[in-house]
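Reviewing the structure listed below.
Since every read-out is calculated from the coordinates, none of them should be taken as a lab result. The structure displayed is predicted, hence computed values, not measured ones. Here the Cβ is made from the backbone with ideal geometry for all residues, glycine too, and neighbour counts use every protein chain on show.
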Amino acid sequence: MRRSWLALSALIATSSAAAACAPRPAVISPPLGSAITVGTILSLTGSQAVNGQMAKEGYLYCQGWINDKGGIYLKGVGHQLSLDIVDDQSRPSIAAATTEHLITDNHDTVLLGPSNDATASRAAPVAEQHQVPLLSSGASSDSIFNNHYLYLFSVLAPRSRQLQGVVDMALAQDPKPQSVAILYASDSLSAEVANATAIYANARGLPVIYGNSYPSGVNDVSGQLGAAAAAGAEIILEVGHPAESVRTVQQAQQMNIQPKLFGFSDGPGGDRFTADLHKAANFAVGATQWAPAARNRISYFLDSFHYALAFASQFGHMPDQYAAAATVACLTLEVAIERAASTESAKVRDALAATDLNTFFGQIKFDDRGANAVKPVYVQQVQSGRAVLIWPPDVASARPRYPDPGWAKR
């Protein structure tokens, strides 16, 4: 049965009811073996701490769920999962050092994390050197995957596909748009996504008629917006950061620039976007790796709806894409260890490489680079002041609203 975000929010409001209706694994009393310790690298302080803390909660939820059902089973014996969590302080050099510490000093044979691209880029070669599998909930940059590490895996869809869903959704509309402009922040990751999006849009028959960068953190993109409008772009896409998404909408409204669709790599779906923009946020779309309303087919664990209920009951707030990615990374590692019937690094690595798992987060299946080759990036749209999932159709909870009717009709 389709569940709306409004219905989900109403259920979350009554936490006791949420706890009662969220299914939990049956408590089993199997023979108990020694605990399985998994090194876990997270950005708990520093610039990436907000997302890192959410990832930590996602890991802790998974740890509790696994242990409630008796642990990780090896040859019929249950082993409690123990997460050996370290803080990389959002600093790539410390991520490398902590990875080395977990492997050489703590003797961890499997690792989770890190929780973002910058730290993952430095942790991955250390894990590769020691031939220890590293399953990340935060690595998404193709520049990392293109190293073709044998021991790095990530549950996320590659960042190069971040806006492909927005392009696909727009081209499914009638009448479909005829042109697109792409604005992007000057950092290397944003440029990587913008370039990949332009290639994809042109390949799909949607001409990119304008593209330009802006310095990250600037407060004025009026020149880029004016040029995109002058070129006649029917869609304006921006690859940047949440604060830049807010600023772009504000300036477009001030300049009365009105394409048929505004799409963002990061923005709609976040609390700040709708809180800062109010009605101006409506009709904007944004990409996300997961949303609580996603109706994914599952072969293991809870569905998205009940996961969100149970997570909120435990932590007092909804899980976001960072928490969900951490939970599914932990679950994927559990399945790989059980299928390998071992915690030996090489055997777990081979089991991860062979993974094909349907989860609340989407399908988990890795290509030869360690990226999640099959998972789509979802599209959310702000409708009547709240973000709803609109794409792909098979997981969506609402239909796209297109074209944008204009500022006066928000």
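Mind checking which lysines have their C-alpha under 28 Å from K56, skipping anything on the same chain fewer than 8 residues away?
K69, K347, K365, K375
Using amide H atoms built 1.01 Å from N in the peptide plane, name the residues 5+ places from V377, or on other chains, whose amide H lies under 5 Å from its own.
Correct list: G165.
Percent of alpha carbon pairs in the stretch 87-149 separated by more than 19 Å?
Tail of the P(r) past 19 Å holds 18 percent of the pairs.
What does the charge add up to near D367, with Lys and Arg as +1, Asp and Glu as -1, over the other residues with Cβ less than 13 Å from its Cβ?
Spelling it out: positives minus negatives among the neighbours equals +1.
Determine, at each q value in 0.06, 0.07, 0.10 (inverse angstroms), the log₁₀ of I(q)/I(0) that the Debye formula gives when each Cα of the chain is one equal point scatterer.
Each listed q maps to, in turn, -0.24, -0.33, -0.66.
Using 7 Å Cα-to-Cβ label points, what is the A346/D68 separation (nm, one decimal)?
Output for this residue pair reads 3.8 nm.
Expressed as an acute angle from 0 to 90° and rounded to the nearest 10, what is the orientation of the C-alpha long axis of helix 49-68 relative to the principal long axis of the chain?
Rounded to the nearest ten degrees, it is 40.
For the chain, take the longest principal axis of its alpha carbons; what is the angle in degrees between that and the long axis of helix 242-255, to the nearest 10 within 0 to 90?
Tilt of helix 242-255: around 10 degrees.
Considering the convex hull of the alpha carbon atoms of the stretch 147-266, report its projected area averaged over all viewing directions, in nm², one decimal.
Computing the convex hull of the Cα atoms and averaging its projections yields 8.0 nm².
Using only alpha-carbon positions, what ratio does the radius of gyration of the stretch 274-381 give when scaled by 2.2 N^0.38 Å?
Cα Rg divided by the expected 2.2 N^0.38 Å: 1.24.
Roughly speaking, what is the centre-to-centre gap between the stretch 213-266 and the stretch 93-117 when only Cα atoms are used, to the nearest Å?
That distance is 39 Å.
For the stretch 205-284, what does the equivalent ellipsoid look like in terms of its semi-axes, each the square root of 5 times an eigenvalue of the Cα gyration tensor, given largest first in whole Å?
19, 14, 12
Using only alpha carbon positions, build the gyration tensor of the stretch 311-362, then give the equivalent ellipsoid semi-axes as the square roots of 5 times its eigenvalues, largest first, whole angstrom.
One finds semi-axes of 26, 11, 8 Å for the stretch 311-362.
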